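These notes are about the structure you will find just below.
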Amino acid sequence: MTEAFRFEITGVNGDARTGAISTPRGTIRTPAFMPVGTAATVKAMHPERVREIGADVVLANTYHLMLRPGAERIAALGGLHEFMNWPWPILTDSGGFQVMSLAKLRKLDDDGVTFQSHIDGANHRLTPERAMQIQDLLGSDIEMQFDECVKLPCPETEARRAMLLSLKWAERSKTAFVEKPGRALFGIVQGGDVESLRVDSAKALADMRFDGYALGGLAVGEPQAIMLAMITCVLPWLPEAKPRYLMGVGTPDDLIEAVRRGIDMFDCVLPTRAGRHGLAYTRAGRLNLRNARHADDASPVDSLSSSAAARTYSRAYLHHLVKAGEILAMMLLTEINLAYYQDLMADMRRAIAAGCFGEFCDMTKMAWQSGETSIKS
């Protein structure tokens, strides 16, 4: 394993690309999907299984770990990798998303954000400097700048204000970042749904020379077409040789279309959340195991899945578990969904390497349309 953080592009097909992010704790194959482990756990999953189904990296969240159990406590216990028994790469979000999602529980000023804890009501302060300090204490491999994420749609004046504030916080985050061998810091492009603001943000961040670049503030209420337009306008202004990360995205179709445009990394709660609510992602589309139509169906969820759970448990049994409220339903469906997402990323990497990514996208979408995605669930 290398002691340096490095990104190598290994294949290109149109704008889609494959690559490898090297870190001291392992290599991240791109395009990559990062399961979300907000509070130092991927819900309903053993860490070993997350790895076994293909994940090279997981995401954890600065804000939530700051509240519970506390960054200093985690550091005293050996850091986040040892704490959660995940020796492979970890990316930590800075808490910028919570600036939007917890708007009713926070007060924002130019220096930072004061949050009222949703757990016990206590006040906690996040600034760019504190966000970097927490991520350093956690020992994450990829850290994110502190930023302000706005919900879409919003007025252009509001998008501009948040973008300019995020650029100031990017400079402060970079200054406060604790450089260590193999550790990386990513900047976050903001600007709402306004192309000129996104371009200005990307240009300014590129000048700051981050180790990678993320697009934040998307998939937060806007149509997919707007999200894709923002990707298209931003990527030409970001360094081609650095990783590109689309934060908080998304559906399988979102992933395919973003990879088609040149995105390398993703995270989203969708596959784990869907699993906890009786939904399964498969090569034939999305299954709602709550539906009575599955009660007598002895067929597996997905006979081609890399997950044994998808190949061996019947739809009838999973329907029973879901209707009975059994914890095992959440565990099995979460694994099935995460395996589907990892299989999708692996299939995309192979298609790009083989020079047939466009054909792969067409065939994949055709399978969805002819399967369960044609059934409203």
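Okay, here's what the table says:
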quantity: Which numbered condition Pro239 misses (of (1) closer than 20 Å to Pro31 by Cα; (2) in contact (Cβ under 8 Å) with a residue 12 or more places away in the chain; (3) in a helix (DSSP H, G or I)); calculated: (3)
quantity: The lone exception for Ala4 - which of (1) in a strand (DSSP E or B); (2) loosely packed, with under 14 Cβ neighbours inside 10 Å; (3) hydrophobic (A, V, I, L, M, F, W, C) it fails; calculated: (1)
quantity: Evaluation of Tyr245 against (1) farther than 30 Å from Lys323 by Cβ; (2) crowded, with 19+ Cβ neighbours inside 10 Å; (3) in contact with a helix residue (DSSP H, G or I) (Cβ under 6 Å, 6 or more places away or on another chain); (4) of a type outside the set (A, V, I, L, M) (one fails), failing number; calculated: (3)
quantity: Test: Gly96 is in contact with a Leu (Cβ under 7 Å, 6 or more places away or on another chain) and under 28 Å from Arg130 (Cβ atoms); calculated: no
quantity: Flag for Leu165 being touching a strand residue (DSSP E or B) at 6+ places or on another chain (Cβ under 9 Å), of a type outside the set (Asp, Glu) and either assigned by TED's automatic domain parsing to the domain that holds Asn337 or within 24 Å of Thr27 (Cα to Cα) (or both); calculated: no
quantity: Only one of Ala346, Ala316 that is under 21 Å from Ile53 (Cβ atoms), in the same structural domain as Leu289 (by TED's automatic domain parsing) and out of contact with any Leu (no Cβ under 9 Å at 6 or more places or on another chain); calculated: Ala346
quantity: Residues within the stretch 323-344 that are acidic (Asp, Glu) and under 17 Å from Leu270 (Cβ atoms), tallied; calculated: 2
quantity: Search result, residues across the stretch 118-134 that are surrounded by 11 or more Cβ atoms within 10 Å (Cβ to Cβ) and of a type in the set (D, E, K, R); calculated: Arg125, Glu129, Arg130
quantity: Members of the stretch 171-212 found to be at pLDDT 95 or above, under 22 Å from Phe7 (Cα atoms) and among the acidic types (Asp, Glu), listed by number; calculated: Asp207, Asp211
quantity: Extreme residue, nearest to Trp368 (Cα to Cα), among residues of the stretch 305-324 that are touching a residue at least 24 places away in the same chain (Cβ under 8 Å) and assigned to a loop (DSSP other than H, G, I, E, B); calculated: Ser305
quantity: Thr38, sole failed condition from (1) crowded, with 21+ Cβ neighbours inside 10 Å; (2) touching a helix residue (DSSP H, G or I) at 6+ places or on another chain (Cβ under 8 Å); (3) not charged (D, E, K, R); calculated: (1)
quantity: Failed item, numbered, when Asp110 is tested on (1) part of a strand (DSSP E or B); (2) more than 21 Å from Gly26 (Cβ to Cβ); calculated: (1)
quantity: Single match in Leu59, Leu108, Leu91, Leu65 (criterion: in contact (Cβ under 8 Å) with a residue 40 or more places away in the chain and touching a Gly at 6+ places or on another chain (Cβ under 7 Å)); calculated: Leu59
quantity: Residue that is farthest from Cys233 (Cα to Cα), among those in the stretch 181-210 that are free of Cβ contacts under 8 Å to residues at least 40 places away in the same chain and not in a helix (DSSP H, G or I); calculated: Arg209
quantity: Of all residues making up the stretch 256-288, the number that are over 16 Å from Thr232 (Cα atoms), among the aliphatic types (A, V, I, L, M) and assigned to a helix (DSSP H, G or I); calculated: 2
quantity: Failed condition for Gly221, given (1) touching a residue at least 60 places away in the same chain (Cβ under 8 Å); (2) under 17 Å from the mean Cα position of the chain (by Cα); (3) buried (at least 17 other Cβ atoms within 10 Å of the Cβ); calculated: (3)
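Residue-by-condition table, conditions (1) without any contact (Cβ under 8 Å) to a residue 60 or more places away in the chain; (2) surrounded by fewer than 16 Cβ atoms within 10 Å (Cβ to Cβ); (3) not assigned by TED's automatic domain parsing to the domain that holds Gly221:
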{"residue": "Asn13", "(1), (2), (3)": "no, no, yes"}
{"residue": "Ile53", "(1), (2), (3)": "no, no, no"}
{"residue": "Pro69", "(1), (2), (3)": "yes, yes, no"}
{"residue": "Ala75", "(1), (2), (3)": "no, no, no"}
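The values are calculated or read from the model by the stated rules, or taken from the named source; none is laboratory data. What you see is a predicted model; the values in this text were computed from it and never measured. Positions of Cβ are generated from backbone atoms using ideal geometry, with glycine treated the same way; all protein chains shown enter the neighbour counts.
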